[in-house]
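Structure record follows, encoded as structure tokens.
The values are calculated or read from the model by the stated rules, or taken from the named source; none is laboratory data. Remember, predicted model here, so these are calculated numbers, not experimental data. Every residue, glycine as well, gets a Cβ built from its backbone with ideal geometry; the counts of neighbours run over all protein chains shown.
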């Protein structure tokens, strides 16, 4: 008896320990980023970060305004999400509700394969194939735009959205559908009025996870967005995302310089944004779960 | 008598270690001390110099060459402090540095080991084929935004540049932009190949790449002839015009040693200047220097 209780305790400690490791790691990452970023407050000052000009290598005056990078990331993420949602959700509905068994067996591995393609390969595809298409379809002078980046990122988010949404739709109790059909609703009505609303919390979670992948993605966007640090809301202009900035500049930056510190601020802002995204998705999920 | 299990291996290890520490100093004087060479300096040249070093070490048994970057300034400072045998520099030493060398009784000897030419490329469809340095400066700083300002059609200029971490970015900024900032509208490409790709694709783009890459790209892009000023002749970049100095967006890449090179250091520099060494120069995208100079 006593021995069993001791075992219980040991297992509990072990589980609590492993669960808190994740918290500890996140805290340490924040701490490390902060530690490298903080000296920036003293010498160039925080006001420098609010500027609208990112020009870290200059013979005149270095500028470390984060606004173009933040708006760049937001624009690309927003566009990618808007593009990915219809494809992801409709795709998931089709696979779980409409497709026959054979079709399902055929589609699912391909979607999973899409999720496994390395982002460099997708980026290269974007540079060589997609960007000329975007250029000619929209009559632009260059295919290196925010939209091209968003299309690639949508391509990367869709598999995530489909597979998680599909799980959510599948887990809707069969009795809901049977009840709906018994009341004389057609198959389409059942899907849109009963099944999808019932699975909404899972679908929202899927979209949020997709967004998480999009905002943190680096290589593909770096290759196709052109990386010009301008503040714009136009999908047809070039933008510079936070991830691309860190990836492109961190390798050669003099250790301990203002530029180095500024890059850590970029990382801090990026991490905070993902953090907030996750918090919001938790809230949303909870609200839907409560309602059910 | 039996030794405990662990002890045997400990004794063995200690004996081996003692043996090694006795033999190491001998090996040092016999081989390494004479053939250990350190090279420090230019980040632009790191790839070239380490390719040379690898090839050299393959063919010279016992030679050990360590190559580090850090920038030309760092390399020159290291040579003045006597912490490196060879300094690789993508610029010549400045007057202050020469004065400091004199103070420290160091006589830097300069070897031009390669040249670096930077070609300005546009799409083959672009009718503009000649620009002055001043016009290029205005295009890349954003003062000119339309091709009709430099005698072309009424089309916007798509400016392509390397990322700010690139040595070429800084060189171009210093020598063509007159140290002014690039336009924020410039698209910063992660690699030279991306600039070639985009220039080949976008009819109104303009970018700059190392001469070797531009030549390799063939018909995909068109190299612009560059005039140093209004009156100067337009010069198309090529190995010949870079070597002769007629093409103005070019620089010598050099190595400095303290006093005339001797021993392995001399062997290495001779190797760099040899036909094999100069073949590597061409392969890594730079311009060879003529033999005997």
Here the residues within the range A:238-276 that are touching a strand residue (DSSP E or B) at 6+ places or on another chain (Cβ under 8 Å) and under 20 Å from residue A:123 (Cβ atoms) are A:238, A:239, A:240, A:245, A:248
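Per-residue answers, yes or no, for (1) out of contact with any helix residue (DSSP H, G or I) (no Cβ under 9 Å at 6 or more places or on another chain); (2) touching a residue at least 12 places away in the same chain (Cβ under 8 Å); (3) more than 30 Å from residue B:175 (Cβ to Cβ):
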{"position": "A:9", "(1), (2), (3)": "yes, no, yes"}
{"position": "A:15", "(1), (2), (3)": "yes, no, yes"}
{"position": "A:27", "(1), (2), (3)": "yes, no, yes"}
{"position": "A:35", "(1), (2), (3)": "no, no, yes"}
{"position": "A:40", "(1), (2), (3)": "no, yes, yes"}
{"position": "A:46", "(1), (2), (3)": "no, no, yes"}
{"position": "A:49", "(1), (2), (3)": "no, yes, yes"}
{"position": "A:54", "(1), (2), (3)": "no, yes, no"}
{"position": "A:62", "(1), (2), (3)": "no, yes, no"}
Going through (1) within 12 Å of chain B (Cβ to nearest Cβ); (2) touching a residue at least 24 places away in the same chain (Cβ under 8 Å); (3) more than 23 Å from residue A:245 (Cβ to Cβ) one by one, residue A:130 fails only at (3)
Within the bounds of the range B:105-124, is there any residue that is in contact with a strand residue (DSSP E or B) (Cβ under 7 Å, 6 or more places away or on another chain), in a loop (DSSP other than H, G, I, E, B) and in the same structural domain as residue B:259 (by TED's automatic domain parsing)?
yes
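Hey, which of the strands (runs of 3 or more DSSP E) in the range B:185-271, taking only ones fully inside, have at least 2 residues that are farther than 30 Å from residue A:121 by Cα and under 20 Å from the mean Cα position of the chain (by Cα)? Step through it out loud before you land on a result.
Values: elements: B:187-189, B:205-210, B:225-227, B:250-258.
The qualifying strands (runs of 3 or more DSSP E) are B:250-258.
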The number of residues in the range A:18-60 that are within 12 Å of chain B (Cβ to nearest Cβ) and touching a strand residue (DSSP E or B) at 6+ places or on another chain (Cβ under 8 Å) is 5
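Restricting to the range A:251-292, and then to whatever is under 30 Å from residue B:42 (Cβ atoms) and loosely packed, with under 12 Cβ neighbours inside 10 Å, can you tell me which residue is modelled with the highest pLDDT?
Keep residues of the range A:251-292 that are under 30 Å from residue B:42 (Cβ atoms), which gives A:251-267.
In the following step, the residues that additionally are loosely packed, with under 12 Cβ neighbours inside 10 Å were identified as A:251, A:254-256.
Numbers: A:251: 69, A:254: 70, A:255: 72, A:256: 77.
Among those that are under 30 Å from residue B:42 (Cβ atoms) and loosely packed, with under 12 Cβ neighbours inside 10 Å, it is A:256.
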If you go through A:147, A:155, the only one that is more than 11 Å from every other protein chain (Cβ to nearest Cβ), part of a helix (DSSP H, G or I) and modelled with pLDDT of 95 or more is A:147
When every residue in the range A:216-230 that is part of a loop (DSSP other than H, G, I, E, B) and in contact with a strand residue (DSSP E or B) (Cβ under 9 Å, 6 or more places away or on another chain) is compared, the one farthest from the other protein chains (Cβ to nearest Cβ) is A:225
Within the range B:76-92, residues in contact with a strand residue (DSSP E or B) (Cβ under 6 Å, 6 or more places away or on another chain) and in contact (Cβ under 8 Å) with a residue 40 or more places away in the chain come out as B:76, B:79, B:84, B:85, B:86, B:87, B:88, B:89, B:90
Residue B:197 passes all but one of the listed conditions (1) more than 14 Å from chain A (Cβ to nearest Cβ); (2) free of Cβ contacts under 8 Å to residues at least 24 places away in the same chain; (3) surrounded by 20 or more Cβ atoms within 10 Å (Cβ to Cβ); the exception is number (1)
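Return a yes/no flag: does the range B:87-105 have any residue that is within 19 Å of residue B:35 (Cα to Cα) and crowded, with 16+ Cβ neighbours inside 10 Å.
Within the range B:87-105, the first condition is being within 19 Å of residue B:35 (Cα to Cα), and the residues that meet it are B:87-88.
Okay, now just the ones that are also crowded, with 16+ Cβ neighbours inside 10 Å, so B:87-88.
The answer is yes, given that some residue of the range B:87-105 is within 19 Å of residue B:35 (Cα to Cα) and crowded, with 16+ Cβ neighbours inside 10 Å.
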Within the range B:53-87, the residues that are in a helix (DSSP H, G or I), closer than 19 Å to residue B:268 by Cα and in contact with a helix residue (DSSP H, G or I) (Cβ under 7 Å, 6 or more places away or on another chain) are B:55, B:56, B:76
Checked against (1) away from chain B (no Cβ under 14 Å); (2) in a helix (DSSP H, G or I), residue A:185 satisfies every condition except (2)
